[in-house]
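K.L.:
Pasting a structure below so you can have a look.
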Amino acid sequence: MMISNCPRCDHKQIVKSGIVNDKQRYRCKKCNYFFTVNKIGKKIDDYYVTKALQLYLEGLSYREIERILGISHVSVSNWVKEFKIKKPVHKDYHPTYKIYNHEEIVEFMKNKQNLSGAGMVITELGDKFMLIKWERFKD
Ligand SMILES: [Zn+2]
């Protein structure tokens with residue numbers, strides 16, 4: 001459930017391909033890349049609950065969270081209820097987000113203009129990084 005994309009080519013179609021050293025192995029159907037992940041345990045679940053709720057608070061929709069984290073929008077909506085999360089109204093700004101690999105995010109940060117005039121947060125996402133940026137609505 002937590003694994004949705006190939007870490008090499010970002011393709012969505014990955015299939016389970018046996019257990020290696022107690023880890024689930026997957027294969028990407030597009031580039032044939034094999035990779036393993038730690039078995040999904042309680043700890044990782046907690047991590048994703050926090051991430052999902054964080055994104056929810058940042059103003060992302062359930063569907064967007066589903067797309068980014070690979071967690072069903074139903075689960076996210078259940079967590080929001082379970083933890084009684086109330087999202088503040090975002091009137092003056094809206095979040096935009098983009099996924100970068102390490103090299104891309106370093107390039108992005110080099111340009112000072114990209115860091116001015118907007119708040120932002122970077123969150124780790126597998127081997128990639130997500131940058132959420134707030135931009136003010138124009139008057
Ligand atoms: Zn792939």
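The values are calculated or read from the model by the stated rules, or taken from the named source; none is laboratory data. Because the structure is predicted, anything quoted here is derived from the model rather than measured. Cβ atoms come from the backbone with ideal geometry, glycine included; neighbour counts cover every protein chain shown.
K.L.:
For Lys98, indicate whether it is of a type in the set (D, E, K, R), out of contact with any Asp or Glu (no Cβ under 7 Å at 6 or more places or on another chain) and either within 16 Å of the ligand (Cβ to nearest atom) or not assigned by TED's automatic domain parsing to the domain that holds Phe129 (or both).
P.N.:
Details: of a type in the set (D, E, K, R): yes; out of contact with any Asp or Glu (no Cβ under 7 Å at 6 or more places or on another chain): yes; either within 16 Å of the ligand (Cβ to nearest atom) or not assigned by TED's automatic domain parsing to the domain that holds Phe129 (or both): no.
The answer is no for Lys98.
K.L.:
Does the range 45-57 contain any residue that is touching a strand residue (DSSP E or B) at 6+ places or on another chain (Cβ under 8 Å), basic (Lys, Arg) and touching a residue at least 24 places away in the same chain (Cβ under 8 Å)?
P.N.:
Scanning the range 45-57, I find at least one residue that is touching a strand residue (DSSP E or B) at 6+ places or on another chain (Cβ under 8 Å), basic (Lys, Arg) and touching a residue at least 24 places away in the same chain (Cβ under 8 Å), so the answer is yes.
K.L.:
Quick one: how many residues across the range 88-114 are at pLDDT 80 or above and exposed (fewer than 13 other Cβ atoms within 10 Å of the Cβ)?
P.N.:
Here the count works out to 10.
K.L.:
Also: Could you run through the range 49-71 and say how many residues are at pLDDT 85 or above and more than 14 Å from Pro95 (Cβ to Cβ)?
P.N.:
Looking only at that region, the number is 8.
K.L.:
Being over 26 Å from Phe129 (Cβ atoms) and either near the ligand (Cβ under 7 Å from one of its atoms) or surrounded by 11 or more Cβ atoms within 10 Å (Cβ to Cβ) (or both) is the filter here; which residues of the range 5-19 pass it?
P.N.:
Answer for the range 5-19, where residues must be over 26 Å from Phe129 (Cβ atoms) and either near the ligand (Cβ under 7 Å from one of its atoms) or surrounded by 11 or more Cβ atoms within 10 Å (Cβ to Cβ) (or both): Ser17, Gly18, Ile19.
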